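The values are calculated or read from the model by the stated rules, or taken from the named source; none is laboratory data. None of these values were measured; they are calculated from a predicted model. Cβ atoms come from the backbone with ideal geometry, glycine included; neighbour counts cover every protein chain shown.
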Amino acid sequence: MFIKRLAADSWFSRCVREAAKWKCQRCGAQHDPGSQGLHCAHFMTRGKWATRFDPLNVAALCYGCHSFIDSRPYEKAQWFEDFLGKDVAQIIREKSENTKHGLKKCLKEITKHYKAEHERIQQANLDGVPNVTVVGFL
């Protein structure tokens with residue numbers, strides 16, 4: 001199923017990869033900033049709008065790790081449970097089913113938020129701040 005990639009998705013993805021300092025959070029492979037080899041991988045698909053832009057729903061994964069876990073649903077669920085913790089993974093599962101979130105109406109604001117967030121994360125990385133996290137839209 002094809003899910004259109006929006007400007008908000010692009011800025012959100014940049015934030016996730018920048019916060020991970022361009023390193024795969026599964027295998028540890030380091031990538032050059034701006035590389036297409038590192039992806040923003042969603043636990044619950046981007047088609048689930050309630051969690052589409054939730055920083056807890058994603059990880060920065062290299063192409064190989066992203067392809068591996070997306071082709072193996074059980075391993076994907078297990079990896080994200082280990083990565084997030086079982087309780088957080090369950091919260092994300094439940095949140096993903098919310099159909100009354102209203103996020104589609106906020107795309108311009110979401111894009112603006114993550115564009116500013118990307119600038120903040122880049123500066124924090126330049127300043128040597130360890131463990132920078134992405135601040136969610138809501």
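Total residues in the stretch 98-108 satisfying the condition of being closer than 13 Å to LEU6 by Cβ and touching a residue at least 40 places away in the same chain (Cβ under 8 Å): the figure is 3. One residue stands out among those in the stretch 11-43 that are in contact with a helix residue (DSSP H, G or I) (Cβ under 6 Å, 6 or more places away or on another chain) and assigned to a loop (DSSP other than H, G, I, E, B): the one that is farthest from ALA77 (Cα to Cα), which is GLY37. Among residues of the stretch 92-108 being in contact with a Phe, Trp or Tyr (Cβ under 7 Å, 6 or more places away or on another chain) and part of a helix (DSSP H, G or I), the one that is surrounded by the fewest Cβ atoms within 10 Å (Cβ to Cβ) is LYS104.
Step by step: first the residues of the stretch 109-138, then only those that are within 21 Å of LYS4 (Cβ to Cβ) and modelled with pLDDT of 95 or more, then the one that is surrounded by the fewest Cβ atoms within 10 Å (Cβ to Cβ). Which residue is that?
Looking at residues that are within 21 Å of LYS4 (Cβ to Cβ) and modelled with pLDDT of 95 or more, I get GLU109.
Restricting GLU81, GLU75, GLU18 to those that are within 22 Å of LEU126 (Cβ to Cβ) and either in contact with a Gly (Cβ under 9 Å, 6 or more places away or on another chain) or acidic (Asp, Glu) (or both) reduces the list to GLU18. From the list HIS118, HIS66, HIS113, pick out the single residue that is of a type outside the set (Gly, Ala, Ser), part of a helix (DSSP H, G or I), touching a helix residue (DSSP H, G or I) at 6+ places or on another chain (Cβ under 6 Å) and in contact (Cβ under 8 Å) with a residue 12 or more places away in the chain. Just one listed residue meets the conditions, HIS118.
Table: residues versus (1) within 13 Å of the chain's Cα centre (by Cα); (2) surrounded by fewer than 17 Cβ atoms within 10 Å (Cβ to Cβ); (3) among the hydroxyl-bearing types (Ser, Thr, Tyr).
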residue	(1), (2), (3)
GLU18	yes, no, no
SER35	no, yes, yes
THR45	yes, yes, yes
ALA59	yes, no, no
PRO73	no, yes, no
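What do you reckon, is LEU84 surrounded by 15 or more Cβ atoms within 10 Å (Cβ to Cβ), of a type outside the set (Lys, Arg) and touching a Cys at 6+ places or on another chain (Cβ under 6 Å)? No; evaluated as a whole, the condition is false for this residue.
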